[in-house]
Amino acid sequence: MSLPAPPSPTLTMAPGEKIKAKIKKNLPVTGPQAPTIKELMRWYCLNTNTHGCRRIVVSRGRLRRLLWILFTLTAVALIFWQCALLISSFYTVSVSIKVHFQKLDFPAVTICNINPYKYSAVRDLLADLERETRAALKTLYGFSEITHRKRREAESRSSAREGKFLNLVPLLTFDTSETGKARDFRTGRKRKVNGKIIHKASDVMHVHDSKEVVGFQLCSNDTSSCAVYTFSSGINAIQEWYKLHYMNIMAQVSLEKKINMSYSAEELLVTCFFDGVSCDARNFTRSHHPMYGNCYTFNNRQNETILSTSMGGSEYGLQVILYINEEEYNPFLVSSTGAKVIVHRQDQYPFIEDMGTEIETAMATSIGMHLTESFKLSEPYSQCTEDWRDVPVMNIYNATYSLQICLHSCFQAKMVENCGCAQYSQPLPQGANYCNYQQHPNWMYCYYQLHQAFVREELGCQSVCKEACSFKEWTLTTSLAQWPSEVSEKWLLSVLTWDQRQLINRKLNKTDLAKLLIYYKDLNQRSIMESPANSIEMLLSNIGGQLGLWMSCSVVCVIEIIEVFFIDSLSIIARHQWHKAKGWWARRQAPPCPEAPPSPQGQDNPGLVIDDDLPTFTSALRLPPAPAAQVPGTPPPRYNTLRLERAFASQLTDTQVPAES
């Protein structure tokens with residue numbers, strides 16, 4: 001037996017309650033409680049203080065509304081663009097330049113002879129190398145006292161047939177018309193050349209084409225991989241070949257012996273004056289450079305004191321006369337005479353081979369200085385560093401950080417890692433040895449391969465090394481004058497020869513001497529300082545100006561936009577999803593509906609359908625027409641049997657029902 005269906009809540013509701021429920025249902029709901037996002041956006045546009053949004057809603061005509069939509073979106077896009085520019089340019093700097101006039105500290109000055117060691121002291125060590133070098137020159141270029149070419153080539157080949165240096169690194173001549181072949185100097189025969197050919201000419205400038213070029217071949221231990229280095233000039237090829245073997249020989253000599261083979265301070269420095277006061281070798285500090293021998297530094301913070309100069313001009317700087325001694329020069333290692341000088345801070349390492357200035361013999365070289373001190377901002381404003389802490393490279397120099405120190409330290413670390421030894425021309429890392437062929441047969445090939453990779457920035461040193469945030473830089477202006485003059489040459493050289501008679505047992509020549517003057521041109525110190533160009537206050541002010549310019553908006557309007565577009569919109573979406581999920585769950589948990597009892601057969605009168613709401617004129621017009629069949633008539637009601645429901649009477653108190661008589 002099926003149970004009857006429960007009565008509908010609408011049917012059990014009193015007539016007055018039904019009217020109130022329908023009115024509440026049909027009233028529009030606006031504001032954050034709007035049922036849809038469309039209604040929420042309409043409410044926001046009508047109530048916001050930003051210009052343009054209200055005009056989108058209240059404008060009449062489709063064209064005007066589209067124009068206001070376009071204007072508003074354009075203004076919003078311009079605001080985002082300008083704010084993005086302001087934020088992206090936040091970490092910019094402003095540069096200020098200040099000029100101070102004050103007493104300046106004199107920099108450290110390091111002086112080295114271009115020739116590292118006395119030729120008489122190293123001649124025995126380099127005898128075999130020089131013999132093979134001279135033989136190579138005879139074979140390649142034919143300068144000799146022997147005029148007959150066949151006899152000259154035969155003599156040169158016989159003198160170098162057993163040469164160990166040419167066996168290690170053979171010198172080759174290449175004919176550009178024949179690819180893959182070269183003539184071996186030692187045997188005089190042509191041989192096949194396998195391996196990558198690297199031309200050491202300039203890649204920027206066009207070098208004139210030559211029919212024959214000179215080079216040498218470097219191979220690994222197992223000779224499985226080789227590289228051929230050619231040069232556009234035979235001078236460069238011979239000097240580079242000689243330098244390789246020279247470093248190999250000198251790397252096996254002890255440091256104490258090399259110091260004794262180089263020039264002493266008393267030999268190099270003939271006279272010295274600073275700020276009008278006499279000085280001597282005791283005011284210089286010795287350091288040893290592998291490629292320049294003994295170097296001497298003036299004002300190297302001895303006794304924790306730094307000398308300063310009281311006036312600008314050459315009379316108040318450093319004046320020295322150097323004894324170059326050209327007779328002791330190695331003819332194959334260096335091709336010029338003179339000295340190298342570098343100006344640097346007291347706590348910096350002097351990279352004499354990279355930044356040194358050469359001074360000539362028989363000349364007076366005047367170097368005027370201007371001091372510039374720079375201070376840069378570190379991250380996030382720039383990629384500079386204040387010390388070694390954020391640079392993953394070990395410092396092998398006893399000096400403060402600089403970009404060159406980092407690059408050289410990185411290259412030395414790569415040499416030790418890949419070749420098992422350190423490059424001879426730089427300081428020795430802790431726990432490593434200098435490269436030499438006896439202990440490291442593969443070092444020459446490894447060194448050149450790493451050097452090529454370093455130039456092409458493939459070792460990663462350029463990416464990890466950073467510029468220093470603060471540094472001092474001396475701008476140098478060099479001028480030359482003939483010294484000594486012809487009228488003073490005779491007496492000046494005689495006096496200097498007499499002064500140096502205990503160290504030099506011969507008469508001095510002007511080509512053995514060089515004069516150096518280093519001074520401040522003036523005492524103006526220029527300071528270049530970086531400071532932040534923006535601050536948080538300026539950024540907020542600029543963003544507020546953009547909001548007010550394009551949409552007459554303030555911070556409160558921005559908060560309102562965040563509330564409506566993010567909080568209320570997400571709330572509406574979540575509410576819809578919740579109702580949908582709740583309905584789905586209710587349908588899943590509801591029991592199956594029982595079958596309705598069969599309706600009695602008969603004719604239904606559409607006019608007798610009971611409506612929950614009171615009929616109106618409009619609803620009466622929508623009633624279906626009466627069927628064609630004749631509906632039995634309904635007898636007229638008996639008015640004395642009509643009764644008003646108490647509930648209706650209680651709801652409508654103004655209705656008075658007359659008592660039945």
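The values are calculated or read from the model by the stated rules, or taken from the named source; none is laboratory data. What you are looking at is a predicted structure, and each value in this text was computed from that prediction instead of being measured. Here the Cβ positions follow ideal geometry from the backbone for every residue, glycine too, while neighbour counts run over all protein chains shown. Heavy atoms of the whole protein, side chains included, go into the accessibility calculation; ligands, DNA and RNA do not. Shrake-Rupley method; radii C 1.70, N 1.55, O 1.52, S 1.80 Å.
Annotations for the structure displayed:
- Cβ-Cβ distances below 9 Å connect the following pairs, each with a first residue in region 41-68 that is at pLDDT below 80, a second residue that is of a type in the set (A, V, I, L, M, F, W, C) and open to solvent by 70 Å² or more (accessible area, probe 1.4 Å), and a separation of six or more residues or different chains: Asn49/Val556.
- Boolean, Tyr397 is closer than 25 Å to Ile528 by Cα and either in a strand (DSSP E or B) or in contact (Cβ under 8 Å) with a residue 12 or more places away in the chain (or both): no
- Selection from region 91-112 of residues that are surrounded by fewer than 18 Cβ atoms within 10 Å (Cβ to Cβ) and outside any strand (DSSP E or B): Tyr91, Thr92, Gln102, Lys103
- Qualifying residues in region 54-67 (those that are among the hydrophobic types (A, V, I, L, M, F, W, C) and open to solvent by less than 80 Å² (accessible area, probe 1.4 Å)) - the one farthest from Cys469 (Cα to Cα): Val58
- Listed by position, the helices (runs of 4 or more DSSP H) enclosed by region 224-321 that each have at least 1 residues that are of a type in the set (Phe, Trp, Tyr), touching a residue at least 12 places away in the same chain (Cβ under 8 Å) and surrounded by 16 or more Cβ atoms within 10 Å (Cβ to Cβ) are 234-250.
- For the criterion of being in contact (Cβ under 8 Å) with a residue 40 or more places away in the chain, within 25 Å of Thr50 (Cα to Cα) and surrounded by 16 or more Cβ atoms within 10 Å (Cβ to Cβ), Gln546 passes.
- Taking (1) surrounded by 18 or more Cβ atoms within 10 Å (Cβ to Cβ); (2) out of contact with any Lys or Arg (no Cβ under 9 Å at 6 or more places or on another chain); (3) farther than 30 Å from Asn398 by Cα in turn, Thr365 satisfies each apart from (2).
- In region 399-415, of all residues being over 17 Å from the mean Cα position of the chain (by Cα) and of a type in the set (Ser, Thr, Tyr), the one that is most open to solvent (accessible area, probe 1.4 Å) corresponds to Thr400.
- Close contacts from region 436-454, counting a first residue that is under 13 Å from Phe411 (Cβ atoms) and of a type outside the set (Ser, Thr, Tyr) and a second that is assigned to a helix (DSSP H, G or I) and open to solvent by 30 Å² or more (accessible area, probe 1.4 Å), with Cβ to Cβ under 9 Å and a gap of 6+ residues or different chains, come to Cys446/Asn418; Gln449/Asn418; Leu450/Lys414; Leu450/Asn418; Ala453/Lys414; Phe454/Leu407; Phe454/Lys414; Phe454/Gln462.
The rows are residues; the columns are (1) assigned to a strand (DSSP E or B); (2) among the acidic types (Asp, Glu); (3) farther than 30 Å from Phe411 by Cα; (4) free of Cβ contacts under 8 Å to residues at least 40 places away in the same chain.
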site	(1), (2), (3), (4)
Glu458	no, yes, no, yes
Lys466	no, no, no, no
Trp474	yes, no, no, no
Ser485	no, no, yes, yes
Gln502	no, no, yes, yes
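- Test: residue in region 409-420 that is of a type in the set (Ser, Thr, Tyr), in contact (Cβ under 8 Å) with a residue 60 or more places away in the chain and within 29 Å of Asn294 (Cβ to Cβ): no
- Flag: Asn283 matches the condition of being over 38 Å from the mean Cα position of the chain (by Cα) and of a type in the set (S, T, N, Q).
- Pick from region 113-130, criterion under 20 Å from Arg286 (Cα atoms) and in a loop (DSSP other than H, G, I, E, B), ranking: nearest to the chain's Cα centre (by Cα): Ile114
- Qualifying residue in region 441-461 (condition: touching a Gly at 6+ places or on another chain (Cβ under 9 Å) and open to solvent by 30 Å² or more (accessible area, probe 1.4 Å)): yes
- Top-ranked residue of region 487-500 - restricted to ones that are touching a residue at least 40 places away in the same chain (Cβ under 8 Å) and of a type outside the set (Asp, Glu), ranked as farthest from Phe274 (Cα to Cα): Gln500
- Candidates are the residues of region 69-90 that are in contact with a Gly (Cβ under 8 Å, 6 or more places away or on another chain) and either free of Cβ contacts under 8 Å to residues at least 24 places away in the same chain or not aliphatic (A, V, I, L, M) (or both); the one that is surrounded by the most Cβ atoms within 10 Å (Cβ to Cβ) is Thr72.
- Considering Leu517, Leu496, the condition of being in a strand (DSSP E or B) and open to solvent by less than 60 Å² (accessible area, probe 1.4 Å) is satisfied by Leu517 alone.
A quick yes/no check of all residues on (1) surrounded by fewer than 19 Cβ atoms within 10 Å (Cβ to Cβ); (2) more than 22 Å from Tyr263 (Cα to Cα); (3) charged (D, E, K, R):
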residue: Glu327; (1), (2), (3): yes, no, yes
residue: Ser336; (1), (2), (3): yes, no, no
residue: Val343; (1), (2), (3): no, no, no
residue: Met355; (1), (2), (3): yes, no, no
residue: Ile359; (1), (2), (3): no, no, no
residue: Met369; (1), (2), (3): no, yes, no
residue: Phe375; (1), (2), (3): yes, yes, no
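- Selection status of Lys192, surrounded by fewer than 11 Cβ atoms within 10 Å (Cβ to Cβ) and either among the aromatic types (Phe, Trp, Tyr) or modelled with pLDDT of 65 or more (or both): yes
- Selection over region 528-543 of residues that are in contact (Cβ under 8 Å) with a residue 40 or more places away in the chain and either exposed (fewer than 14 other Cβ atoms within 10 Å of the Cβ) or of a type in the set (Ser, Thr, Tyr) (or both) gives a count of 2.
- Restricting the first member to region 115-130 and to residues that are in contact (Cβ under 8 Å) with a residue 12 or more places away in the chain and open to solvent by less than 10 Å² (accessible area, probe 1.4 Å), and the second to residues that are among the β-branched types (Val, Ile, Thr) and part of a helix (DSSP H, G or I), the beta-carbon pairs closer than 8 Å and six or more apart or on different chains are Leu126/Ile249; Leu129/Ile249.
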